[in-house]
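Enquirer: This is the structure I have questions about; it appears just below.
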Amino acid sequence: MALRARDIVNHDATLIGRKAWTDPHIYELEKRGIFAKSWLFLAHESQLPNPGDFVQAYMCETPVIVVRGADREIHANINSCTHRGLPVCRADHGNATKFVCPYHNWTYSVEGELLAIPQEKHLQSKADKGPLGLKPVPRVESWNGMYFGSFDPEIEPLDAYLGDQRWYLDAFFQRFPSGVEFVGSPQRWIINANWKLPVENQIGDVNHGPFLHSAVIPPEANREVFELGRSAVTIPGHGATFRLMPEGTPVEHVAWGFEGMSALLAPEIHDYLREIHAHAEERVGPIRARMKGLTYGVFPNLSFLWSNTAFKVSHPRGPGRVEYWCWSVVPADAPDEFKKILRGNHTTLFGPGGIIEQEDSEAWSQQYVGSRIDFADDRPYYYGLGLGEEKFHPDLPGLVSVTANEFYARHFFLRWRDALEKVED
Amino acid sequence: MSGVTPELQHRVEQWYYREARLLDGRQYETWLALCDPTIRYIVPARGNPLVDNKQQGTEAMISVERELEGVDSDRLPIRDETLPHLMMRMQRAYKPNSWSENPPARTRRIVGNVEIVEATEAQLSVLSNFHLHYARPGSATFFYAGQRRDVLHTRDDHGDYRILRREVVLDMSEIEFPTVGIFF
């Protein structure tokens, strides 16, 4: 008999069975119950300034072309020819006037309409091209320049889906006078792990920092997280962690970018960052101006590593494999030379060449190895740390607690369990 | 190129062999002394750009250079580092709690195709290829291949060089390695 979600996640999600990470049937349920029913991140508007600009994206395992059409709207279509299924676009970014399938040269507009079937020249009958365009992603919406797609035509609007998570995300986006931009293409990194562990790591698990990363993260930085760190859950499955610095904290201890290694090594950018921070309160208000971000998660698989300014998506490739995409983000109005310095806050420490994240990817891979130990299936993982210690906060939306409380993960798995139960036979 | 004597070629090759031995022997601190204080160490990303139809019929259409991202462009490299970054990596390697290297990976580098493309009194521009075998206990074995594009600073006539610039062009389609944070 097939495993059921209720057998894996107990009533309060304090115990999570190992099969959550490894079982092929559960993975199929995740595709139908979660990835077919959620808003999934596609691209940022800064990657697509002009008509014809496109980038490749994935929605779970589905390849998608995201393009700015001649109508200047963002379109998202499945990258598969309606004739024999080949991808019609092979580049990972660029500017195109049309997409052509290599097999028989079926030709599509960048918006996805079928324009030409070359074989028809030699035939008397003509196919009705109307329904033969690239299959569109039924819903595409944006917030703050972030484009998301959903396979569920009935899904709630993106604004409602993000809810109060927007308040936390805006603490970053609105901090900069001209917003942010994504730098180039994502780093794409294949890791032998389940997609949920990188996600859990970013929703709220900054508490592994002092332990797994003790070779690199200095003790004073860890102390700051223990003493001033907060973890917030607005809607189950989303999460935000940050340090709420005391009032009157000097700019240098709060301002975004100073804790990054590249900024420390490049004093020429300090005035620029100070200036941003000096006016942050006008843009994000007094509470959020004191926020020094750590990590965020948006259900199901978008992460935002504020501390090192990277957005990430954990694309599943089966239960034991993930394609982890990481983008650097920089302030849109920074001079080009500063952007090059700031992108290093991410690349040196995170991503496939990162000094810190090489420990994470090792942990994620080894967790998958441990989860496959059949003989330990009767020992589900303990997720009960800090049960019930989260509280509402006068100044911060959602439930709030110290970072050692694993409530962010319990909320994620309760949502996960409910989503899988809806599609179980 | 002209001006490259067999003696110079020999000295440079010997220097590369010694460098590979230091790295395979995990003597990163000794290796770091081969880096100039102003070193720039870059691993560009390897993208899949759209073919430019105007370049049809030319070598430029499929040149390696168009695939390299983030070296001097505004796109995103895998790494773009200076000496302090390399020192941080070296120091990390000698700590027991650098968990992804505990136990440490076993590596073996074969460096070949050493080609001195430019030689002045002060500097050498050298291309070389490498195959790097990387075995991580408890995990798996990985194989890296790539090209190093170096600028070496000539300190004397006896083959004592310092790396001023190293650009590492990796030949992967996808990054399926546990890390590209190693010294190539």
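The values are calculated or read from the model by the stated rules, or taken from the named source; none is laboratory data. Predicted, not measured: the structure shown is a model, and the values here were computed from it. So basically every Cβ, Gly included, is an ideal-geometry build from the backbone, and we count neighbours across all protein chains shown. Ligands, DNA and RNA are stripped out before the accessible areas are found, and what is left, the full protein with its side chains, is counted by its heavy atoms. Shrake-Rupley method; radii C 1.70, N 1.55, O 1.52, S 1.80 Å.
Enquirer: Go through region B:123-160 and name the trypsin sites (Lys or Arg not before Pro) that are in a DSSP coil and have 14 or fewer other Cβ atoms within 10 Å of their Cβ.
Expert: B:ARG155
Enquirer: Give the separation of the Cα centroids, region A:344-416 to region B:125-184, in Å.
Expert: That distance is 34 Å.
Enquirer: For A:ARG4 and A:THR97, what is the calculated FRET efficiency with R₀ set at 41 Å and r taken between the beta-carbons, to the nearest 0.05?
Expert: 0.25
Enquirer: Measure out, as a whole number of angstrom, how far apart the alpha-carbon centroids of region B:34-63 and region A:27-54 sit.
Expert: 28 Å
Enquirer: Taking the Cα centre of chain B as origin, sum charge times position over the Cβ atoms of Lys and Arg (+1) and Asp and Glu (-1), and report the length of that vector in debye to the nearest 20.
Expert: Once rounded to the nearest 20, the dipole reads 780 debye.
Enquirer: Averaged over peptide B:68-78, how many Cβ atoms belonging to another chain are found within 10 Å of each residue's Cβ?
Expert: 6
Enquirer: Write out the GluC sites (Glu not before Pro) in region A:130-198 meeting two conditions: DSSP loop, and at most 11 other Cβ atoms within 10 Å of their Cβ.
Expert: Of the GluC sites (Glu not before Pro), the ones in loops of region A:130-198 whose Cβ has at most 11 other Cβ atoms within 10 Å are A:GLU154.
Enquirer: What average number of partner chain Cβ atoms lie no more than 10 Å from the Cβ of the residues making up A:94-100?
Expert: 1
Enquirer: Next up: Evaluate the distance, in nm, between pseudo-label points positioned 7 Å from the Cα of B:ALA33 and of B:MET172 along their respective Cα→Cβ axes.
Expert: Each label point lies 7 Å from its Cα, and together they span 3.2 nm.
Enquirer: Using protein heavy atoms only (no ligands, DNA or RNA), what is the total accessible area buried between A and B, 1.4 Å probe, nearest 100 Å²?
Expert: The buried area between A and B, both sides summed, comes to about 3300 Å².
Enquirer: Filter the cross-link list A:LYS391/A:LYS422; A:LYS98/A:LYS135; A:LYS312/B:LYS95; A:LYS312/B:LYS54 down to pairs whose alpha-carbon distance in this structure exceeds 26 Å.
Expert: A:LYS391/A:LYS422; A:LYS312/B:LYS95; A:LYS312/B:LYS54
Enquirer: Which GluC sites (Glu not before Pro) in region A:232-289 pass both tests, a DSSP loop state and at most 12 other beta-carbon atoms within 10 Å?
Expert: Answer by residue number: A:GLU247.
Enquirer: Treating chain B as a set of equal point scatterers at the Cα positions, no solvent, please give the Debye-formula log₁₀ I(q)/I(0) at q = 0.09, 0.18, 0.20 Å⁻¹.
Expert: Rounded to two decimals, the profile gives -0.36, -1.32, -1.52.
Enquirer: With a ≥ b ≥ c taken as the square roots of the eigenvalues of the C-alpha gyration tensor of chain A, please select rounded if a/c is under 1.5 and otherwise prolate if a/b is larger than b/c or oblate if it is not?
Expert: oblate
Enquirer: In chain A, which Cys residues have no partner Cys with a Cβ closer than 4.7 Å?
Expert: Isolated Cys, chain A: A:CYS60, A:CYS89, A:CYS326.
Enquirer: Going Cα to Cα from A:LYS126, which aspartates and glutamates come in below 19 Å? Please leave out same-chain ones fewer than 8 positions away.
Expert: A:LYS126 reaches A:GLU113.
Enquirer: Let me cross-check A:CYS60: its accessible surface, 1.4 Å probe, with only protein heavy atoms counted, in Å² to the nearest 10?
Expert: Accessible area, nearest 10 Å²: 10 Å².
Enquirer: Count the net charge of all other residues whose Cβ sits under 12 Å from the Cβ of A:ASN95, scoring Lys and Arg as +1 and Asp and Glu as -1.
Expert: Value of the local net charge: 0.
Enquirer: Given a 1.4 Å probe and every protein chain left where it sits, what share in percent of the accessible area of region A:253-315 is carbon and sulfur?
Expert: Of the solvent-accessible surface of region A:253-315, carbon and sulfur hold 54 percent.
Enquirer: Let me ask something else. When the helix-only estimate is applied to chain A (DSSP H runs of n ≥ 4, each -39,500 (n - 2.57), divided by the residue count), what is the mean residue ellipticity at 222 nm, nearest 500 deg cm²/dmol?
Expert: -7500 deg cm²/dmol
Enquirer: Rolling a 1.4 angstrom probe over the protein heavy atoms, how many square angstrom per residue are accessible across the protein assembly as shown?
Expert: For the protein assembly as shown, the per-residue accessible area is 42 Å².
Enquirer: Continuing with this model, one more query. Mean residue ellipticity at 222 nm from the helices of chain B, using -39,500 (n - 2.57) per DSSP H segment of n ≥ 4 over the full residue count, to the nearest 500 deg cm²/dmol?
Expert: Roughly -6000 deg cm²/dmol at 222 nm, from the helical runs in chain B.
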